[in-house]
Structure formats: structure tokens, C-alpha cells
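Below you'll find the structure I mean.
The values are calculated or read from the model by the stated rules, or taken from the named source; none is laboratory data. Note that this is a predicted model, so its numbers are computed, not measured. Positions of Cβ are generated from backbone atoms using ideal geometry, with glycine treated the same way; all protein chains shown enter the neighbour counts. Side chains included, ligands, DNA and RNA excluded: accessible areas come from the protein's heavy atoms. Shrake-Rupley method; radii C 1.70, N 1.55, O 1.52, S 1.80 Å.
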Amino acid sequence: MSAQPTQQPKVSEREARQVAEAAREQDWRKPSFAKELFLGRLRMDLIHPHPMPPPQDAARGEAFLAKLRDFCETKIDGARIERDAKIPDEVINGLKELGALGMKIDIKYGGLGLTQVYYNKALALVGSANPAIGALLSAHQSIGVPQPLKLFGTQEQKDTFLPRLARTDISAFLLTEPDVGSDPARLATTAVPDGDSYVMDGVKLWTTNGVVAELLVVMARVPKSEGHKGGITAFVVEADSPGITVENRNAFMGLRGLENGVTRFHQVRVPAANRIGPEGAGLKIALTTLNTGRLSLPAMCVGAGKWCLKIAREWSSVREQWGKPVAYHEAVGSKISFIAATTFALEAVLDLSSQMADEDRNDIRIEAALAKLYGSEMACLMADELVQIRGGRGFETADSLAARGERAVPAEQILRDLRINRIFEGSTEIMHLLIAREAVDAHLKVAGDIIDPDKPLSAKAKAGANAAGFYAKWLPKLVTGPGQLPHSYAEFHPPGHPDLSVHLRYAERTARKLARSTFYAMSRWQGRMETKQGFLGRIVDIGAELFAISAACVRAELLRTTTDHGREAYQLADVFCRQSRIRTEELFNRLWTNTDDLDNKVVKGVLSGTYTWLEQGIIDPSGEGPWIAEATPGPSERENVHRPIR
């Protein structure tokens, strides 16, 4: 008889941080452009010349994209999906027949074996037809069962599951719980060892694909016992196992076709052979999976940017105001320029990060995280600008536009659909903290014991000696560099083209300034640095802008040497870099001139009720009920709405 499930663990803030720290990859075995950037070093040798896919990979990828484009144009009705809030079964089955479920799965298991670059291009394409389909395919193979199996699965697990996942079975990733988001230390779902199985109990929330999935990767806590290390552990679970109930299909402001639900596990027996990796490795598996899995989300943001640019161009050239097309009014033209330049830069960041992932010669954990963070934020801004360019028509639904005889442009829909990307797979706020932790890793390795209150004086003394040696060598290198030499990066100023070398010199100088600012902040706040989330967020945002500047310049040079669009690419890169530099300088100003401390005082006042008088004079239309749903383990009392595609 299996033991009774444990209740949700109570953990302190420090314990929660320790769990998260233990799960992150500790070592840097490969170089990282972004890591070097935060240390004040612009390592152009890691990204230039721009890496390229092997010809055979490109040919295979282009052949699939041609088939997928035809399918999207002839078989996908995005307006119908929006109206019905459901992807038709025949569309999903058609994608299965194309092999779209296996884009990232090796050919030997029945997949297409696409590179990350072409997988991203496919997601951008299908996501432009309907973002919910892009989300389905991404959740299935970027964070669903295929990726953790590829990285951590046994050969038997790969042989058993990957052929199914490549052609027929949709997968889902189940980590989040009603009261557990980015704080996995409080994970309540349990998997209790019982013979050659585990017995799983708990409730999972926001299970993207969970309503239609046949295979699940589930994170559950294994209690520590004799012969069992315990800890958060990953399992492959058959979705039709007895005791699994999909209790609700959730509905959202966007992505109306998303098959996202609430899944309850009650005494679900999972074979021990279905455990991925050792006990206690679940969070490390999840985070490692996301290192490249996060690139799928900015891929769809790039697709959205391209669509926004197309609509902005077509609309603003025919809509006239005061005797000329609105595009030629500066107030509108600046928005179009922003959309064009930003789309160019986002694609540059995405393709560069993806190609580095394919080559596997760089550690891209920070690059992928920056791509997700930057892509999700900038795509929302571009969609908002498109709605503004369209005016009242931007706020009007596509169905309403069509009903009165105008082109059915779903501008308001893309704004709603993109909004979740700032939350999916790590919210912007969590991404700031995650990237900041990696950005200061070198400092913590040499000086972390100095600011750790739990370390004895002997450890602090040893750390002090190590830190003195590290900083004696590192700090002088932050004083001067190639960014101060007028002819540095001269290859980025070919005759007849805008001068991009000036932007790379700026990036080099600014990377050193960023590193100095980080060092000063650590010296000033020491152990309190982790509480300065506003400061850390701005540090990360500066790094994101510098990464985008670098990627945009490298991409422009690549296009100059390999296509007929070199001059135009240089123009877009130049405009983007100038816009980015303005944002960067604003962020630097806000590092030290901000209202962070005052904001904290106001927050305390709000939560203590000091300002409740400000809330008077309104009606709250919210319904009754708890803020967080009850998730006590036990049998389900609701109908099972699980509906696998047939």
C-alpha cells in the first residue's frame, strides 16, 4: 500500500532560493557571448562571421517550409479557430501527416530532424496563420516530452516514446500548480515509490496541450525514504492512465484555440521505467530543456513582427490624411520605422542564437533567455503600435470589419495573442532574475562566500583573497578597449553603406560600463543585491539591447555578403542601433535615478490598507470565490474533458 500524499511543503524564502540554485547548471564548459558581454567583453569572435547551417540541413528545412506554407494557406482558417476557440481535428491530423509533430525529433525515430533555425522558421510561419497552432506545436516539442527525452532519456525511453511523438501523440509539460508558479520549492504533487512504480497525486494548472495530449511530462516530488534520494523528479505519464482527470479547459484573452487545462492526478500508477533521469533531477531537467526550448517563443514573435510590418505598410500607404498617405506623417512614420527596425533585430537575435544552438559550440542559456525576454516585450510593443496605426479599425475585430465590407485584419487579435508571451515560459520579471543570476555568476564564484551570511569567517577570508586576485586582473580591463579606437570593427563600414562600426564601438564601450555598474552595485549592496530587482532588471535590459545591437550588425553584414539586400539590411540595422542606443542610455540613467525605494514604501502602504480611500467610488465586477483554487489531493469530482485527437 502506498503512503499518503504529503501536503504542500512550507518553505522559507531562503530555502526556495536554495532549491532554485541547486537546479541551475553550475558550470560553463563552453564560451558564451552574452556571459562575456555582462563581464564587459564584446567577444565578436564568437558570433562573427555569422554561423551558417550546413547545405543539407538548409535544403531539408526549405523543403519542409514549402510544404508547410502550402498547408497553412490551404488548410488553416485562422478566423474559424478564433470564432470556435478550437483548432479543428482535421487541421491537427494534417499537421501530423506533414510530420510537424516531429520537427525536432531525430530522423531515426521517425521525425524530420530539423535544425533549431528551421524549426523556428516553421513556428513563425504556422504561428502567423494562427498563434494557437504555433503554441500547440511548440509546447509539444520545445518543452513537452521530446526535448527532455532527447537530453536525459534512456535509449529504451527514446525507442518507446519518440516514434509516437514524432507522428501521432501530442505531449504536454506539467509543472505549474494552482499555488506554485516560478517557485518550485513549494511543489505539492507527489510521486510515492511503491514497488516498481510510483503513485502520483496532485493538481496541475495551465497544462498547455493537456486537454488533447496523449503523453505528459510531469514534475512531482518524491518523498525521501530508504533507497530513495527523493526530490522533484520528472516522469513520462500516459494521459489516459486511470486516475487522471482533465477537470477544466481554460479560456484566455488570447490564443483562443489553446488546449490548456487543469489536470488532477489521483493514485495514478507510473512505472519506474518512465522516470526521466534520477530522483531529484526534475528541476535541472526542466531548466536545461528550457535553455533552447525558449527559442520557440521569440520565433513566433518574429513572425508577428513580420505580419505587423506587412499590414502597417499596406494600410498606411492607402489611408490618406490631410492630402497624403498617413505613412508620410512623421507621427505614424516613426511607428513604422520602429516596427521594421525591431523586426529586423529580433530575427537577427533569433537566428544567431538558434544557429549557435545548432552548432553546440557555445553555451546559449543566456542568449536564449535574452531572446525570449526581448522578443516577447518588443513584439507586444510592435502589435500595440500597429493597432494605433490602424486607429479605430485596429480596435475593431476582423469579423466586424468583414461584416461591413472591409478587409478582415485581426490587429486587435494579435495584440491579445502576443500578450501571454510576457508570461509564458518565465514571466519578464522572472526572466530578469534568472538572467541576472547568470550575469553575476562569475562574481558570485569568486566573492559569493563574502556576502553569504551562513559562511564562516574562514571561508569569507579565503573568498576575499580569491576575489582580490580576480578583480586585480579584471577591473583594469574595464577602463579601455576597442570601442575607444576610431577604426575598430572597420569591416562593418563598407563603402556606400551606413556605418555600423560606430554602433559596435558603442556596444564595446557600453559593455564595459555595464560591468563596472554591476561591480559597483555589488560592492554597495553586497548581500542585499538580490533584493534590488529593479536595478537587476535594468542591468539585464541593457544587456539585451547590446546583444540585439551586436546581432543586428552581424546579420546585416551576412546579408550584405550573401544576398541582394545588403544595403537595405545595413539601413535597418543602423536605424535599430540608434533607437536601441537611446533606450540603453535611458536605462543607464534609471540605474541610479529612480523611485525604487519610494515604490517599496507605497507598496507597504497599499498592502496595509493606508490607501483604501483611493479605491472608493467604483463597483468591482469580479465574481465570488477564492483567489487561488483548492488543490487538495484526492479523487476528482468533475467530468473528464480530456479529448485526444482522433
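Being in contact with a Gly (Cβ under 9 Å, 6 or more places away or on another chain) and among the hydroxyl-bearing types (Ser, Thr, Tyr) is the filter; apply it to the stretch 290-317 and report the residue that is surrounded by the fewest Cβ atoms within 10 Å (Cβ to Cβ).
Looking at residues that are in contact with a Gly (Cβ under 9 Å, 6 or more places away or on another chain) and among the hydroxyl-bearing types (Ser, Thr, Tyr), I get 316.
Taking the stated definitions as given, is residue 630 more than 23 Å from residue 208 (Cα to Cα), open to solvent by 40 Å² or more (accessible area, probe 1.4 Å), out of contact with any strand residue (DSSP E or B) (no Cβ under 8 Å at 6 or more places or on another chain) and charged (D, E, K, R)? So that I can check it myself, show each step before the final result.
Details: more than 23 Å from residue 208 (Cα to Cα): no; open to solvent by 40 Å² or more (accessible area, probe 1.4 Å): yes; out of contact with any strand residue (DSSP E or B) (no Cβ under 8 Å at 6 or more places or on another chain): yes; charged (D, E, K, R): yes.
Answer is no for this residue.
Taking residue 359 as the residue in question, decide whether it is under 18 Å from residue 31 (Cβ atoms), of a type in the set (Asp, Glu) and in contact (Cβ under 8 Å) with a residue 40 or more places away in the chain.
Values: under 18 Å from residue 31 (Cβ atoms): yes; of a type in the set (Asp, Glu): yes; in contact (Cβ under 8 Å) with a residue 40 or more places away in the chain: yes.
Against the criterion (under 18 Å from residue 31 (Cβ atoms), of a type in the set (Asp, Glu) and in contact (Cβ under 8 Å) with a residue 40 or more places away in the chain), residue 359 qualifies.
While we're on this one: Mind listing just one residue for me: the one in the stretch 322-341 that is closer than 15 Å to residue 388 by Cβ and in contact (Cβ under 8 Å) with a residue 60 or more places away in the chain and, of those, farthest from the chain's Cα centre (by Cα)?
First pass over the stretch 322-341, keeping only residues closer than 15 Å to residue 388 by Cβ: 326-327, 329-339.
Now narrow it down to the ones that are in contact (Cβ under 8 Å) with a residue 60 or more places away in the chain: 326, 337-338.
On the way: 326: 35, 337: 25, 338: 22 Å.
Going through the qualifying residues, I end up with 326.
Among the numbered conditions (1) crowded, with 19+ Cβ neighbours inside 10 Å; (2) more than 30 Å from residue 533 (Cβ to Cβ), tell me where residue 483 comes up short.
For residue 483, the failing item is (2).
May I pose another question? Test each condition in (1) open to solvent by less than 10 Å² (accessible area, probe 1.4 Å); (2) within 30 Å of residue 90 (Cα to Cα); (3) at pLDDT below 95 for residue 180 and report the one that comes out false.
Answer for residue 180: the failing condition is (2).
When only residues in the stretch 338-372 that are open to solvent by 10 Å² or more (accessible area, probe 1.4 Å) and acidic (Asp, Glu) count, which is modelled with the lowest pLDDT?
The qualifying residue modelled with the lowest pLDDT is 360.
Is it the case that some residue within the stretch 557-564 is part of a loop (DSSP other than H, G, I, E, B) and either more than 27 Å from residue 511 (Cα to Cα) or out of contact with any helix residue (DSSP H, G or I) (no Cβ under 8 Å at 6 or more places or on another chain) (or both)? Can you show your working first?
Our first condition is that a residue be part of a loop (DSSP other than H, G, I, E, B); within the stretch 557-564, this holds for 563-564.
Keeping just the survivors that are either more than 27 Å from residue 511 (Cα to Cα) or out of contact with any helix residue (DSSP H, G or I) (no Cβ under 8 Å at 6 or more places or on another chain) (or both) gives 563-564.
For the stretch 557-564, residues part of a loop (DSSP other than H, G, I, E, B) and either more than 27 Å from residue 511 (Cα to Cα) or out of contact with any helix residue (DSSP H, G or I) (no Cβ under 8 Å at 6 or more places or on another chain) (or both): present.
Looking at 96, 121 in this structure, which one is modelled with pLDDT of 95 or more, within 20 Å of the chain's Cα centre (by Cα) and charged (D, E, K, R)?
On the way: 96 fails: within 20 Å of the chain's Cα centre (by Cα).
Within the list 96, 121, the selection yields 121.
Right, here's the next one. Could you tell me how many of the residues in the stretch 206-232 are under 21 Å from residue 144 (Cβ atoms), open to solvent by less than 10 Å² (accessible area, probe 1.4 Å) and outside any strand (DSSP E or B)?
Adding up the residues that qualify gives 5.
What about residue 519, is it aromatic (Phe, Trp, Tyr) and either open to solvent by 30 Å² or more (accessible area, probe 1.4 Å) or closer than 30 Å to residue 428 by Cβ (or both)? First the steps, then the outcome.
Working: aromatic (Phe, Trp, Tyr): yes; either open to solvent by 30 Å² or more (accessible area, probe 1.4 Å) or closer than 30 Å to residue 428 by Cβ (or both): yes.
Taking the combined requirement at face value, the residue satisfies it.
Go through (1) without any contact (Cβ under 8 Å) to a residue 12 or more places away in the chain; (2) crowded, with 23+ Cβ neighbours inside 10 Å; (3) aliphatic (A, V, I, L, M) for residue 607 and report which single condition fails.
All conditions are met except number (2).
Can I ask one more? Report, ordered by the first and then the second residue, all pairs with beta carbons closer than 6 Å, sequence separation of six or more or different chains, a first member in the stretch 554-573 that is buried (at least 20 other Cβ atoms within 10 Å of the Cβ), and a second member that is not in a helix (DSSP H, G or I).
554/47; 554/48; 554/50; 558/50; 559/565; 570/497; 570/498; 573/500
Take residue 166 and tell me if it is surrounded by fewer than 22 Cβ atoms within 10 Å (Cβ to Cβ) and farther than 19 Å from residue 285 by Cβ. Explain how you work it out, then say what you get.
Numbers: surrounded by fewer than 22 Cβ atoms within 10 Å (Cβ to Cβ): no; farther than 19 Å from residue 285 by Cβ: yes.
The answer is no for residue 166.
For (1) within 15 Å of residue 214 (Cα to Cα); (2) among the aliphatic types (A, V, I, L, M); (3) in a helix (DSSP H, G or I), each residue gets a yes or a no:
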{"position": "113", "(1), (2), (3)": "no, no, no"}
{"position": "157", "(1), (2), (3)": "no, no, yes"}
{"position": "169", "(1), (2), (3)": "yes, no, no"}
{"position": "185", "(1), (2), (3)": "no, yes, yes"}
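Pick from 230, 243, 210: which is touching a strand residue (DSSP E or B) at 6+ places or on another chain (Cβ under 9 Å), modelled with pLDDT of 95 or more and on the phi > 0 side of the Ramachandran plot?
Values: 230 fails: modelled with pLDDT of 95 or more; 210 fails: on the phi > 0 side of the Ramachandran plot.
Just a single option satisfies the conditions, and that option is 243.
Could I ask something else about it? Residues of the stretch 81-101 being open to solvent by less than 30 Å² (accessible area, probe 1.4 Å) and over 26 Å from residue 641 (Cα atoms), which ones?
Answer for the stretch 81-101, where residues must be open to solvent by less than 30 Å² (accessible area, probe 1.4 Å) and over 26 Å from residue 641 (Cα atoms): just 99.
Could you list all residues from the stretch 54-80 that are of a type outside the set (A, V, I, L, M) and surrounded by fewer than 16 Cβ atoms within 10 Å (Cβ to Cβ)?
In the first step, residues of the stretch 54-80 are kept if they are of a type outside the set (A, V, I, L, M); the result is 54-57, 60-62, 64, 67, 69-75, 77-78, 80.
The answer is 54, 55, 56, 62, 67, 69, 70, 73, 74, 75, 77, 80.
I'm checking my understanding of the structure. Among residues of the stretch 297-318 that are without any contact (Cβ under 8 Å) to a residue 24 or more places away in the chain and not small (Gly, Ala, Ser), which one is farthest from residue 572 (Cα to Cα)? Quick ask: steps written out before the conclusion?
Initial filter on the stretch 297-318 (without any contact (Cβ under 8 Å) to a residue 24 or more places away in the chain): 310, 313-314, 317-318.
If we keep only those that are not small (Gly, Ala, Ser) too, we end up with 310, 313-314, 318.
Working: 310: 15, 313: 15, 314: 19, 318: 23 Å.
Selected residue: 318.
Could you give me the residue pairs with C-beta distances under 7 Å whose first residue belongs to the stretch 479-508 and is under 13 Å from residue 570 (Cα atoms) and free of Cβ contacts under 8 Å to residues at least 60 places away in the same chain, whose second residue is open to solvent by 40 Å² or more (accessible area, probe 1.4 Å) and among the polar types (S, T, N, Q) wherever it lies, and which are 6+ apart or on separate chains?
none
Only residues that are assigned to a helix (DSSP H, G or I) and farther than 28 Å from residue 565 by Cβ: list them for the stretch 484-509, please.
Keep residues of the stretch 484-509 that are assigned to a helix (DSSP H, G or I), which gives 484, 490-492, 501-509.
If the condition is that a residue be assigned to a helix (DSSP H, G or I) and farther than 28 Å from residue 565 by Cβ, then 484, 509 are the ones that fit.
Return the residues of the stretch 393-429 that are part of a helix (DSSP H, G or I) and open to solvent by 60 Å² or more (accessible area, probe 1.4 Å); say none if nothing qualifies.
Of all residues in the stretch 393-429, those part of a helix (DSSP H, G or I) come to 393-395, 398-403, 411-422, 428-429.
Those that are part of a helix (DSSP H, G or I) and open to solvent by 60 Å² or more (accessible area, probe 1.4 Å): 393, 395, 399, 403, 419, 422, 429.
Right, here's the next one. Given (1) open to solvent by 70 Å² or more (accessible area, probe 1.4 Å); (2) more than 17 Å from residue 352 (Cα to Cα); (3) of a type in the set (S, T, N, Q); (4) over 24 Å from the mean Cα position of the chain (by Cα), where does residue 533 come up short, assuming only one miss?
The single condition residue 533 does not satisfy is (4).
For the subset of the stretch 155-199 comprising residues that are of a type in the set (Ser, Thr, Tyr) and in contact (Cβ under 8 Å) with a residue 40 or more places away in the chain, which member is farthest from residue 238 (Cα to Cα)? Full working, then the answer.
First, pick out the residues of the stretch 155-199 that are of a type in the set (Ser, Thr, Tyr): 160, 168, 171, 176, 182, 189-190, 197-198.
In the following step, the residues that additionally are in contact (Cβ under 8 Å) with a residue 40 or more places away in the chain were identified as 168, 171, 182, 189-190, 197-198.
On the way: 168: 14, 171: 10, 182: 25, 189: 16, 190: 17, 197: 14, 198: 13 Å.
So the residue we want is 182.
What are the residues in the stretch 6-45 that are modelled with pLDDT of 95 or more, of a type in the set (D, E, K, R) and outside any loop (DSSP other than H, G, I, E, B), if any?
35, 36, 45
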